[in-house]
Amino acid sequence: MGDLRLALRLVRGGGRTEAVRLTVLAVGVALAVLGVLVGTTVPRVSADAASAAAARTRVVAGPGAPTTSELRVLVSDDRLGRRPWTHAVVTGTRDDAPLPPGLVRWPRPGETIVSPALSRALLEHPDVSVPGVVPEHIGAAGLTGPDELVSWTVLPAGSPPLPAEPVIAFGGPVVTSSTPARVRATEITVLVGGPAALLLALGVRACAGARAARTRALVLAGMSPRRCARVFGWEMAAVAVVGACAGVAAARVVHPWLGSCGLLGRRWFPEQGAVPVLLEVLLTVTVALVVLVIARRTMRSQAGGTRQHRLPSPRVALLGYVLGVPAAACLAWLCVRLASHPGDQGAPDSAVVASMVASCAAALAVVVAAPHAVHTVTTWLADRLAARATRPDVRLGLRGAGWHAHATGRCAALAAVLVMTSAYGTGLLVALDRDAHGPSAGIEVDLSTTTAAQRDALAGLGLTVATVERTAADTSDGPWTGLDAGWVTFAVSDETAAVVTSRIHRLLPELALRAGADDADLVAYADEQTGVVRAGLAVGTGLVSAALVVCLLEVWWSRRRTTAALGAIGTPRRAMRVVAVTQMAAPVLVTTAVGVGVGVLGGWTAVAYAGTADMLDPAVVGAAVLPAVAAVALVAAVAWVAGGRPAPPGSLADL
Amino acid sequence: MDPQGAYALVVEGLCVNLGGQPVLSSVNLTLPAATTVAVTGPSGAGKSTLLNALGGLQPAARGRVVVAGRDLNRLSDDERAELRLREVGFVLQSSGLVPELSLQENIALPLELAGMRRRGVRDRVAEVVAQLGLTTCARRRPSEVSGGQAQRAAVARAVAARPSVVLADEPTGALDSTNREIVLDLLLEQVERCGSLLVLVTHDPQVAARCARQVRIVDGRVAAGVGAAGG
């Protein structure tokens, strides 16, 4: 009989428990595939947005070059509240004038065509006026996303040509992402790839554990461990293909929904960031192969091994302690140093890199050392309780946690990683937000593009001048209206910026303003990073949570023997529940407490990247405590339910 | 007083179904305290199911089981567990010890769960450990001792609380002949000391012969005229 045929026969012959475990694996694979596809969405969306921005780039005739085009475009970087608004003013829109993407025609003189998002935003800001808005919107081809605020205003007939070169076409080279590919790849690997691989490995392991009796029977019947591994590998690979296809299908449904709800910090059109079919096929095949390899390795060691119970190895744990203790100390030292730093300087790059490395090392250390730590701590506590001869249920729970330390330790480690990831990721998001959206810069006007009459008109608006930036050659201290070079900045708040810019545009439509962020590149970088980190955090958290659930199920299933034995001697249900809760929740409680401490320190050092003054942000503490409480509550609830269920009738035969 | 209270175990018209199929049909037994009963019969006859039903681990489809004067049908799950804890001891083919605990802790567990005082637990555990010859391995876990030692620990745990009824399912089935004799001797000696009723399921005629009475189960019924005890 062929390996595949035998695998299918065994799957068909498996009982309800086996069907549940296979379903858990298929769901795990689906989640992993979905996670990878969602986690890589933001860079794909950014690339498509960059293409859209490039498509509307103006191609101008060179100075003095002959051209028949009279189309002139002046673009201001305005903002509405804290949202950037690309405000284009146009003259010379003859019938043969080139059209930017997203427009089917130029507005008539004195009219404005706006993006759908700007149209909605203007309804919420009746004090902001835009001349002659027509009920026609800029199409998706002319926008980088559904949230983008863009307007094209054609000045009234008879207006003088704008002070800009004639535009002969639209479309330019695509500006690649501002985030280095290496950084993006690292982020996606750490936040998405790692948890996905972890989930797959744990799912396969749980299935292998369920087949321990079957494997022993097959080996006794004369099947070699290698062939057992092959059969199991086919079984798992078949389930992985089903799960991966489900994941791909789910991603197709989730992608437009995520784009419309803005859960990842930005919105996109359904067609933006779509996954190529080739990538979907490649991912499905890769996942099936990864599962095949993991399954074969897991089963080979199980089929060739002995039934003896194994406790966590102290030598492996030592590596975790050696890695984790200095990492935690490094984070604490960095935190103290940065918090006591005078002024509001951002942390140096070396400190940020050190905090990232220390956080990763601490997470790795928790994963490596958790089983041994759980075994040591719970056994010690149980011995202390035994000396006092109190609470046999709690003592038995602690003994169980120590005895099954591989499984309970994995649960505990995953919960701690969840907490640390949440805290550090939140720190990064806070830093990115502070970096990109600092105090508003006001409205800047390039004086070299203005005439004396325009400057007088500006002065007549009665705006508060924040700064005047004179050129190096200009040493006079006269009023800014007398300058024909340098910059003047008018002070405005987020609330009044749009009103003031609309007043200036109405008065001086031919004047280009800059009311956006200080550094547009920085904002683009921060926006993309925010998207990547949020997507990675959401996906990573989801995958680690799923892995935690798989581990919990494994612990639950591994308690069957104990539950049957306790039931046989008449252990009260309440005591059974206490045993289960202690066994499953106590290790999680201990490691999440460590996770909260290390995660908060890491998160604060991440916040320091944007400035050390307010680096001890309470949002980081909340982001650590909330998942810690949720994880402990989830585990305790599962344990309470599991503990209250009696062993199934006939389970004494398993003892 | 309930006239059945004089008996350690009363079974009336017991029917048990597994997976929709009848496994036991109209079983009647009336067993006094301080005696030993062997339940024999071919594989699949329903011997282990009967034992589980007597211990309240397997619900009856019809009929009733009265243990130490208490009708299991009238008890909740928690009350049945309480009854098992105080009045019933189980010995299974493969010890059925809690793998996480040492032999000593396994023996102490039912006593502690029943709320016995610390000194009482310590004394009683020391007593049965000595009686069953487990002193040298009492601190080891079940996976660290031989099958015979684990089975002796299972006997010790079953009798530690001096229950009214001890239910043993093939307690010597997985042991060699030497250990089989040792464990059986100890089991019989202990139930005699405690004055308990022992219901012992076995295939082995030699083991069955050591019991005072025998009940033969065939196709889920008590076979008549084969030395059936009581009713």
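The values are calculated or read from the model by the stated rules, or taken from the named source; none is laboratory data. Since we're looking at a predicted model, the values are computed, not measured. Here the Cβ is made from the backbone with ideal geometry for all residues, glycine too, and neighbour counts use every protein chain on show. The protein model used for the area step is the full one, side chains on, heavy atoms only, and it has no ligands, DNA or RNA in it. Shrake-Rupley method; radii C 1.70, N 1.55, O 1.52, S 1.80 Å.
Table for the structure above
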item	result
Rel. contact order, % - alpha carbon contacts under 8 angstrom, at least six apart, segment A:306-401	38
Mean shadow area of segment B:1-63 over all directions, Cα convex hull, nm²	4.7
For segment A:85-100, 3J(HN,Hα) per residue [Karplus equation, 6.51 cos²θ - 1.76 cosθ + 1.60, θ = phi - 60°, Hz, x = Gly/Pro]	9, 8, 10, 9, 10, 10, 9, x, 8, 6, 4, 8, 5, x, 10, x
Average other protein chain Cβ within 10 Å of Cβ, residues B:74-86	3
Exercise: per-residue mean of other protein chain Cβ atoms within 10 Å, B:90-99	6
Percent of beta bridges antiparallel (DSSP, segment A:70-167, rounded to nearest 5)	60
Rounded to 5, the percent of DSSP beta bridges in chain A classed as antiparallel	75
Amide proton proximity set for A:L80, modelled H, under 5 Å, gap of 5+	A:W85
Peptides ranked, highest mean first, by Cβ atoms within 10 Å: ranges A:419-428, A:460-469, A:609-618	A:419-428, A:609-618, A:460-469
Residue mean of other protein chain beta carbons inside 10 Å, A:560-566	5
Positive-end residue of A:W106, A:A295, B:L24, charge dipole of the protein assembly as shown with Cβ unit charges	B:L24
Calculated SAXS-style log₁₀ I(q)/I(0) at q = 0.09, 0.10 Å⁻¹ - segment A:521-655, Debye, Cα scatterers	-0.42, -0.49
Segment A:70-167 - accessible surface per residue (Å², probe 1.4 Å)	44
Accessible surface ranking that places the most exposed of B:L186, A:L507 first, with a 1.4 angstrom probe	A:L507, B:L186
Å² of accessible area per residue within chain B, as computed with a 1.4 Å probe and no ligands counted	41
Computed over segment A:390-525, Cα set: Rg, Dmax in Å	29.0, 91
Whole-number Å³ per residue for the convex hull built on Cα positions in chain B	124
A:L263/B:T135 FRET efficiency (R0 56 Å; Cβ-Cβ; nearest 0.05)	0.30
Under the span-like rule (Cα at least 18 Å along the axis, Kyte-Doolittle mean at least 0.0), DSSP H helices of chain A	A:16-39, A:41-55, A:194-210, A:225-261, A:277-304, A:314-339, A:349-388, A:405-436, A:520-558, A:573-607, A:618-644
Principal semi-axes in Å for the protein assembly as shown [√(5λ), Cα gyration tensor, largest first]	77, 28, 23
Mean ellipticity per residue at 222 nm, deg cm²/dmol - from DSSP H runs of n ≥ 4 across chain B, formula -39500 (n - 2.57)	-11000 deg cm²/dmol
Chain B: relative contact order in percent, alpha carbon pairs under 8 Å with at least 6 residues between	30
Cys residues of the protein assembly as shown counted as unpaired, since no other Cys beta-carbon is under 4.7 Å	A:C207, A:C228, A:C245, A:C261, A:C330, A:C335, A:C360, B:C15, B:C137, B:C194, B:C211
Accessible area buried between chains A and B, both sides summed, probe 1.4 Å, in Å² to nearest 100	2600
With all protein chains modelled, accessible area of A:H125 [1.4 Å, Å²]	60
Cβ crowding within 10 Å averaged over residues, with A:200-209, A:271-280 ranked highest first	A:200-209, A:271-280
Computed [θ] at 222 nm, deg cm²/dmol, chain A (DSSP H ≥ 4; -39,500 (n - 2.57); rounded to nearest 500)	-21000 deg cm²/dmol
Cβ crowding within 10 Å averaged over residues, with A:190-198, B:90-98, A:633-641 ranked highest first	B:90-98, A:190-198, A:633-641
Relative contact order %, chain A, counting alpha carbon pairs below 8 Å whose residues are six or more apart	20
Accessible-area value, A:S493, 1.4 Å probe, nucleic acids and ligands omitted, Å²	40
Segment A:70-167: proportion of alpha-carbon pairs further apart than 22 angstrom, %	24
